[in-house]
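Below is one structure, written out as structure tokens, with a few remarks after it.
What follows is calculated from the coordinates using simple rules that are stated; it is not laboratory data. This structure is a prediction, so every number in the text was calculated from the model and none was measured. Don't worry about glycine lacking a Cβ; one is built from the backbone with ideal geometry, like all the others, and counts go over all protein chains shown.
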Amino acid sequence: PPSILWLCRDFRFRDNAALAAAAGAGPVLPVFLIDGALRAQGAASRWRLQRALLAFDAELRRRHGATVLVLEGEPWDILPALAARIGAGSLHRNDWPEPATIAAQQRLGRALAGTPVRLVLHPGHLLVHPRALRTGSGGAYRVFTPFARALRAIGPDRPGGEAASLSPLTDLPRGLALDRLDLAPDLHRGRAVLERHALPAGEAAAQARLGDFLDRAAGYAAQRDRPDLQATSGLSEHLAMGEIGPRDLWAIASARAKADPAASPGIAAFLTELIWREFAWHLLIEFPRLARQPWRPEWADFPWRGDSAALTRWRRAETGIALVDAGLREMRVTGRMHNRVRMVAASWLTKHLLTDWRLGLAHFADSLTDWDPAANAMNWQWVAGCGPDAAPFFRIFNPERQAAQFDPQGRYRRRWLLGWQGAEGEEARAYFDSLPPGWDVPRTWQDRATPERLAQGRARALAAHAAFR
Ligand code: FAD
């Protein structure tokens, strides 16, 4: 009988167990749902997801003459009826173990009870099965280093299969037209600017980016903290959309490390970062409230500041702190931000402006094209000091020292604050000019960041810290 492939951030053909299982069982109907879980995601992430979906659909047509059926509604309402309509025997899905998705999958399972249709979940979003790693006493890990050691000891799972052939289902039900789809109508930022800054989407682009990164991986360990250099992989968007699977990524990178001793230390450091991603998902699965509640209960009553003019200035990249504003502008214009600058920007919001980390988390969730519920939540809690294995509260990033160390010639700051040169400068200016009133961003950082303002800001932050102590 035919089967349904229910797509979820797994827009790839390699290492795609659900796709391989569905294709092996008979004709396949790939389906994507515009459901509540999708609508709850940030605008930039939905915008990026649409590009992933279109790239996957194009490749599906080219390889197999099939297309993705896009429907609007909740899985428990739509999928049982769809399965009955096409006489499907099973519904395959790569498990994306995010709390809202788990709940939706469970509800769908209940809706399918009593029907001949089986819901089959396949692992593949993570390096190992979510329950594979437990501490000696059977609990969840709370500290990264033993978690990483345990993962390295068992090794990641082998990549899943790739379907050699796939027979599409004919006589398709009618769905939404892909060429007129807009998954992010609420994207209030300059869409045209985001589009011009977009990196290529899709599986082929992800593999090409990995290949390019491995050629320059020797410099990764030493340079990964430098936002002014192209030292990191830039793979996070592809990972967030499942255009490359982590097991596949691990296998390809490890093989390269064996073959190329000069690149090996850089690749080892890179794989450690991939374990941070895994650790974040481990925490989210074990503690589904990770994005809403502090991991450490003693933080529950911390008197964070809520909405404020300072928060608005931070969101608008007008804090007057060069590295912070540069990063927040990079994110507004491109949907991306370098990891070191994410840490500094998050630290400024939580440690200097004493603002609730959840407000920063929400802004990142709405703005990042690589938004990942686990990585975003774990990292915000880490910076704020309330997460497991977090930086202690008294450790505060000094943005000027960070800038001097990691952007020594000021190239990164100039690029996003002052150096609006050439075509890119024109785009950025047009973008800022197109913003509705109230979104007036100064043309240069220097317009606002007078020495007096900086001194005032610092004095206020110090007073706030003294009051907290
Ligand atoms: P590389 O340095 O090439 O790293 C390779 C991969 O390892 C990344 O693609 C990513 O999957 C993983 N990784 C690297 N650093 C981390 C980390 N600190 N935590 C978890 N995984 C990591 N990453 C996201 O993918 N989505 C988010 O929503 C997100 N929000 C963040 C919020 C804050 C406040 C901070 C401090 C970090 C956040 N990160 C997030 C982690 C990190 O900044 C990005 O993964 C990284 O910048 C992506 O660039 P890259 O692919 O070039 O990274």
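Seen against the Cα atoms of the chain and their longest principal axis, helix 264-286 is set at about 80 degrees.
Note on residue 300/residue 135: beta-carbon distance plugged into 1/(1 + (r/R0)^6) with R0 of 25 Å gives a FRET efficiency of 0.55.
Note: relative contact order over the chain, using C-alpha pairs below 8 Å and six or more positions apart, is 18 percent.
By the helix-only formula, in which each DSSP H run with n ≥ 4 contributes -39500 (n - 2.57) and the sum is divided by residues, the chain has a 222 nm mean residue ellipticity of -15000 deg cm²/dmol.
Remark on residue 122: its backbone amide H falls under 5 Å from those of 93, 94, 95, a criterion applied only to residues 5 or more positions apart or on other chains, H modelled at 1.01 Å from N.
Subtracting the Cα-Cα distance of residue 395 and residue 204 from their residue separation scaled by 0.36 nm leaves 64.6 nm. Sorting 243, 72, 298, 330 from the fewest to the most surrounding beta carbons within 10 angstrom yields 298, 72, 330, 243. For residue 172 and residue 110, the difference between the fully extended length at 0.36 nm per residue and the C-alpha to C-alpha distance is 19.8 nm. Rg ratio for region 119-190: its Cα radius of gyration over 2.2 N^0.38 Å, N being its residue count, equals 1.86. For residue 266, the shell of other residues with beta-carbons less than 9 Å away shows a net charge of +2, using +1 for Lys and Arg and -1 for Asp and Glu.
Taking a cut-off of 23 Å, what percent of all Cα-Cα pairs in region 135-284 are separated by more than that? More than 23 Å apart: 53 percent of the Cα pairs in region 135-284.
Between the alpha-carbon centres of region 191-236 and region 311-371 there is a gap of 20 Å. Per residue, the convex hull spanned by the alpha carbons of the chain comes to 158 Å³. Protection proxy ranking, highest mean first, for peptides 403-412, 128-137, 340-349: 340-349, 403-412, 128-137, where packing is the per-residue count of other beta-carbon atoms within 10 Å, averaged. Extension gain for residue 118 to residue 34 (0.36 nm times residue separation, less C-alpha to C-alpha distance): 28.1 nm. Near residue 383: Cβ cut-off under 9 Å, other residues only, Lys/Arg at +1 and Asp/Glu at -1. The net charge is +2.
By the count of neighbouring beta-carbon atoms within 10 Å, fewest first, 352, 125 end up ordered 125, 352. The order of 228, 307, 95, going from fewest to most other C-beta atoms within 10 Å of their C-beta, is 307, 228, 95. Spin-label pair residue 58-residue 405: with each label point 7 Å from Cα along the Cα-Cβ axis, the two points sit 4.2 nm from one another.
Per residue, the average separation of C-alpha pairs within less than 8 Å and at least 6 apart gives region 8-114 a relative contact order of 37 percent.
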